[in-house]
Amino acid sequence: MKPTLEITIDGVAYQGCYPFNFENVLDATLDSATIILERIPVPVFEPLTTVMVAIVTNASNGLTRNLTDWIIEADESYEAPVGSGLYHHSIALVEPTKYFEGFICDSLCVTHPGGNVYTGNAKPVEPAES
């Protein structure tokens, strides 16, 4: 049996089309993916919307699901056929850590009130005999 794609965008389930292109890289670049949705009544999906993709395969020992979480980076959509109210979407996805680039945190520094001089009251320690 051919694997199927179960795509959930902002909590709503959609049936995806193959190919589902994705790359998991081991360097500092972000993981990315592309999904295609056909005949969807939503004109556009907003960036940073959460997406969950499940690749479901029917193996000899039962169904298996490979789940991955993403956020939308960009959505290119057009109405097809024109006037139908249904849209073709080509959605670029990126790993959820991209979301955190939008947050700026104040720096925090915790210091010892005596500074970093720790040798003034050093005591030799010897191991206990067994």
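Output yes when any residue across the stretch 25-32 is closer than 25 Å to residue 87 by Cα, touching a strand residue (DSSP E or B) at 6+ places or on another chain (Cβ under 8 Å) and modelled with pLDDT of 80 or more, and no when none is.
yes
Can you confirm whether residue 75 is among the charged types (D, E, K, R), at pLDDT 90 or above and out of contact with any Gly (no Cβ under 6 Å at 6 or more places or on another chain)?
On the way: among the charged types (D, E, K, R): yes; at pLDDT 90 or above: yes; out of contact with any Gly (no Cβ under 6 Å at 6 or more places or on another chain): yes.
Against the criterion (among the charged types (D, E, K, R), at pLDDT 90 or above and out of contact with any Gly (no Cβ under 6 Å at 6 or more places or on another chain)), residue 75 qualifies.
Give me the pairs: first residue in the stretch 76-98 and within 16 Å of residue 16 (Cβ to Cβ), second residue surrounded by fewer than 12 Cβ atoms within 10 Å (Cβ to Cβ) and acidic (Asp, Glu), beta-carbon distance under 9 Å, and six or more apart or on different chains, which are they?
Cβ pairs passing all conditions: 88/76; 89/76; 90/76; 91/76; 92/76.
The values are calculated or read from the model by the stated rules, or taken from the named source; none is laboratory data. Computed from a prediction, not measured in an experiment: that's the story for all the values here. For neighbour counting, all protein chains shown are included, and Cβ atoms are generated from backbone atoms with ideal geometry for every residue, glycine included.
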